[in-house]
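The values are calculated or read from the model by the stated rules, or taken from the named source; none is laboratory data. Please read these numbers as outputs of a predicted model, since none were measured by experiment. Glycine also receives a Cβ, built like all others from the backbone with ideal geometry; neighbour counts cover every protein chain displayed.
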Amino acid sequence: MTPRQPEGEALPGAGVLPEQTSAASSSGRERPFSVYLHVPYCRVRCGYCDFNTYTNLAMGGGASAGDYVDTLAGELRLARAAMDRAALPPRAPQTVFVGGGTPTMLPAGDLAGMLTLVRDTWGLAPGAEVTTEANPETVDERYLAALAKAGFTRVSFGMQSAVPHVLRTLDRTHTPARVPQVVAWAREAGLETSLDLIYGTPGETMDDWRRSLETAVEIGPDHLSAYALVIEEGTRMWAQVRRGELPLPTDDDEAAKYELADALLNRAGYEWYEISNWARPGHECVHNQAYWRDWDWWGAGPGAHSHLGDVRLWNTKHPVAWAGRVAAGRLPVAGHEILDAESRELERVMLGIRTREGLELAGLARLGPHGPEPTTAHGTPARLVPVVGRLVGEGLLEGAAAMAGRAVLTLRGRLMADTVTRGLID
Ligand SMILES: C[S@@+](CC[C@H](N)C(=O)[O-])C[C@H]1O[C@@H](n2cnc3c(N)ncnc32)[C@H](O)[C@@H]1O
Ligand code: SF4
C-alpha cells in the first residue's frame, strides 16, 4: 500500500460513497472484486521501508494487536453497508490478500478470523486465491498448517537476499537457512509459495545477487518477485545515504541485476508476467493481476486504499485514528478522488504496459470533434503509428505484437517502461 497519503476530499456523512462507484466496467460487464487487509505491525522497522507499519503492538484505542481483528470486523461491516447504500451489487471476492507490515505478527487464529470476516461480509468465490505475506522468522510448521486449514492458499515470504551482509544492511532478522525451511513447511501444508527479493542494496555485488537468485531458484517457490531497492525519502537508509555512510546504487548496476534475474529465472522455468514478477506457468498471482486489470477492491485497515469504478479511496493512516473512526461508526476513509477519463487512461497505460500481456493499442483511441479518430486495421490509433514504430525501432516494444495492435515491452523496454508510457500518452 502507498505509504504517503494523497490529497483528496473526505466522504460525506458517516461514509457515503460517490455515485461513480459503479460495478460495471466500460464493456458493461460486472467488474470482479478483491479484498486487501492491511496488518500494521512489525517486529523491527527495516531501515529502507516506509510502509505504514509500527513496532508498538499495544497502541490502545482499538488499534492494539489484540483488538485488531475486532476493529477490522467493524470496518468491513461499515464497508458492506456503504456499498449496499450505493447499490453496488455484493460480489464474492476472487482474491483476498493480507499484507503489511507483517501479518504473521498476529497469531494464525487471527488471520483465520480475518478470512472468516471476509466470508461473512461478501462470501468467497469458488477457488478464490487467499494470500498472506509473512516474514520467515515469524512462522513455523504449525502456524503454516493452521493457515492452510483456515482456507489460505498461498504465502509470500520476504526473503530479500541469501547473503548475510546484505540482510544485515537491510536490517532483516532472519538467517538465510530459515527460508528453505519455511517454504518446505508451507509446501507440506499444501500452500503455494512466493519469495520476495530485493536487488541494489548498498554494498551488494553482482556475485551476491547471483547467489541470492541461485538460492531462490534452488528453493523452488511457485512464484518470485524481485524489486529494485527504492531509497524512500525520510527512511533511516535515506539518511545514511545522504550522510555518505552508504553508497547509492547506480542505474547501470540495477539494470544489469534485472537482466541477470530475468536470465536465471527464465532458465529455471519462471516466466515474467509483470516487470517485477515471475512465475511457473499457471502460478501467477491473481491478486496482483486484479490491480493491473482494473478490478474493484476494498482495502481495509489503516492507510489501505480501495478502488471502486472511477473512485479511489484511502483510509486514515494512523491505527489509533483509524480505530477511533470505526468505533464511532464512521467509515475510516480519509480522502477520495474521482478519476476523469484522462487520469483513467494514464493509469491503464502505466499498469498495463508493465504486464506480459501488454496493452491493447485500440484502447487508446479517442473521440475527436468529428467522431472516432482514424485507426489501423487492428484498431491502433493512426496518430500512434509513428510513435509505436519508433519504440519498436529503439528495441523497447516487440515488433510482432505491435503489428497485431498490442504494446508489449522487450527486455530493454522493461528497463525503460516510463519512457514507453510517456511516448504512448503523448
Ligand atoms: C510490505 S513488505 C511486507 C512483507 C514483509 N513484511 C517483509 O518485509 O517481508 C512487501 C515487500 O515490499 C518490498 N519492499 C519494501 N520496501 C521496499 C523498498 N524500499 N524498495 C524495494 N522493495 C521494498 C520487500 O521486498 C517486501 O518483501
Ligand atoms: S518487515 Fe517488511 S513491512 Fe516490516 S519494516 Fe521490514 S520491509 Fe517493512
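Points to keep in mind about this one:
- Any hit, the range 75-94, residues being within 16 Å of ligand 2 (Cβ to nearest atom) and assigned by TED's automatic domain parsing to the domain that holds residue 288: no
- Residue within the range 48-56 that is more than 21 Å from the chain's Cα centre (by Cα), in the same structural domain as residue 287 (by TED's automatic domain parsing) and away from ligand 2 (no atom under 16 Å from the Cβ) present: no
- If you go through the range 253-262 and keep only what is of a type in the set (A, V, I, L, M) and free of Cβ contacts under 8 Å to residues at least 60 places away in the same chain, you end up with 256, 260.
- Residues that are within 19 Å of residue 162 (Cα to Cα) and outside any helix (DSSP H, G or I), drawn from the range 231-269: 249, 268
- Selected residue (only one of 137, 133, 141 is modelled with pLDDT under 95 and surrounded by fewer than 22 Cβ atoms within 10 Å (Cβ to Cβ)): 137
- Filter result (assigned to a loop (DSSP other than H, G, I, E, B) and at pLDDT below 95) within the range 375-394: 376, 377, 378, 379, 380
- Evaluation of residue 91 against (1) modelled with pLDDT under 95; (2) under 28 Å from residue 234 (Cα atoms) (one fails), failing number: (2)
- Scanning the range 195-210 for residues that are part of a helix (DSSP H, G or I) and farther than 20 Å from residue 280 by Cα turns up 206, 207, 208, 209.
- Given (1) in contact with a helix residue (DSSP H, G or I) (Cβ under 9 Å, 6 or more places away or on another chain); (2) more than 16 Å from ligand 1 (Cβ to nearest atom); (3) without any contact (Cβ under 8 Å) to a residue 60 or more places away in the chain, number of the condition residue 76 does not satisfy: (3)
- Considering the range 358-374, the residues that are surrounded by 15 or more Cβ atoms within 10 Å (Cβ to Cβ) and assigned to a loop (DSSP other than H, G, I, E, B) include one that is modelled with the highest pLDDT, namely 358.
- In the range 39-66, the residues that are in a helix (DSSP H, G or I) and either among the polar types (S, T, N, Q) or buried (at least 18 other Cβ atoms within 10 Å of the Cβ) (or both): 65
- Filtered residues of the range 190-207 (kept if away from ligand 1 (no atom under 16 Å from the Cβ) and surrounded by fewer than 18 Cβ atoms within 10 Å (Cβ to Cβ)): 190, 205, 206, 207
- Candidates 179, 183, 230, filtered to the one that is surrounded by 20 or more Cβ atoms within 10 Å (Cβ to Cβ) and within 15 Å of ligand 2 (Cβ to nearest atom): 179
- Qualifying residue in the range 238-252 (condition: closer than 26 Å to residue 271 by Cβ, touching a residue at least 24 places away in the same chain (Cβ under 8 Å) and within 16 Å of ligand 2 (Cβ to nearest atom)): no
- Exactly one residue out of 71, 21, 2 is of a type in the set (Ser, Thr, Tyr), buried (at least 20 other Cβ atoms within 10 Å of the Cβ), modelled with pLDDT under 95 and within 24 Å of the chain's Cα centre (by Cα), and it is 21.
- Per the conditions (1) surrounded by fewer than 21 Cβ atoms within 10 Å (Cβ to Cβ); (2) modelled with pLDDT of 95 or more; (3) out of contact with any strand residue (DSSP E or B) (no Cβ under 9 Å at 6 or more places or on another chain), the sole criterion not satisfied by residue 122 is (3).
- All told, residue 193 meets the bar of being in contact (Cβ under 8 Å) with a residue 24 or more places away in the chain and touching a helix residue (DSSP H, G or I) at 6+ places or on another chain (Cβ under 6 Å).
- Candidates 109, 113, 99 - the one that is outside any loop (DSSP other than H, G, I, E, B), in the same structural domain as residue 38 (by TED's automatic domain parsing), surrounded by fewer than 24 Cβ atoms within 10 Å (Cβ to Cβ) and in contact (Cβ under 8 Å) with a residue 60 or more places away in the chain: 99
Each row is one residue, and each column tells you yes or no for (1) hydroxyl-bearing (Ser, Thr, Tyr); (2) farther than 17 Å from residue 285 by Cα; (3) not assigned by TED's automatic domain parsing to the domain that holds residue 237.
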| residue | (1), (2), (3) |
| --- | --- |
| 153 | yes, no, no |
| 164 | no, yes, no |
| 173 | yes, yes, no |
| 187 | no, no, no |
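- Taken together, the residues in the range 151-177 that are in contact with a strand residue (DSSP E or B) (Cβ under 9 Å, 6 or more places away or on another chain) and part of a helix (DSSP H, G or I) amount to 2.
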